[in-house]
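Rule-based calculations on the coordinates, nothing more; no lab input. Since the structure is predicted, the reported quantities are computational estimates derived from the model, not experimental observations. Glycine also receives a Cβ, built like all others from the backbone with ideal geometry; neighbour counts cover every protein chain displayed.
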């Protein structure tokens, strides 16, 4: 009798846990072993129509291939998030007046300590919350800055002239700065109407 894929995944769970710990150590800084195993199981079940039981050895090879694809996708996700976070940190530093401009990277050290990492994480959280309290147009303009959208493209997309787009972007950045300042003051009522004034 051919075993079901769900049963096979359950019976080989411990082996998969060991495989994840051995093969995905770089991802374990961001995700738990259990999360990765669940992601691999989900991916395997989604590909069930392509699965054909040919024996134990073949199944383990197939499962390893599914796992490696999951690792590659998760690595791509975290790499993209890190790039986006770097842009957001530069923009946040610009908005709070701690950086000379959005094109400059934050100061580098041989290895940021826990305090630096906590400060960056706090700044990213405040920046993300600040973006959410902005009006939709300002939110769009700030995201355009984060994504390095050329001003000429932005003007065309908004249907305005170059100078008008430049002024709109500057106003959005000013409102973003105010929102970050309000959020830095601590728990208070920071509704969109207040942050965007």
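Values for this structure:
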quantity: Burial ordering of 166, 57, fewest other beta-carbon atoms within 10 Å first; calculated: 57, 166
quantity: Cα→Cβ-extended label distance, 7 Å offset, between residue 185 and residue 46, nm; calculated: 4.4
quantity: Sites residue 174 and residue 6 - FRET efficiency at Förster radius 45 Å, r taken between beta-carbons, to 0.05; calculated: 0.25
quantity: FRET E, pair residue 28, residue 163, Förster distance 35 Å, beta-carbon r, rounded to 0.05; calculated: 0.10
quantity: Estimated FRET transfer efficiency when R0 is 45 angstrom, pair residue 13-residue 148 (beta carbons, to 0.05); calculated: 0.55
quantity: Which of 58, 31 has the fewest Cβ neighbours within 10 Å, and the rest in rising order; calculated: 58, 31
quantity: Order of 49, 156 under a 10 Å beta carbon neighbour criterion, fewest first; calculated: 49, 156
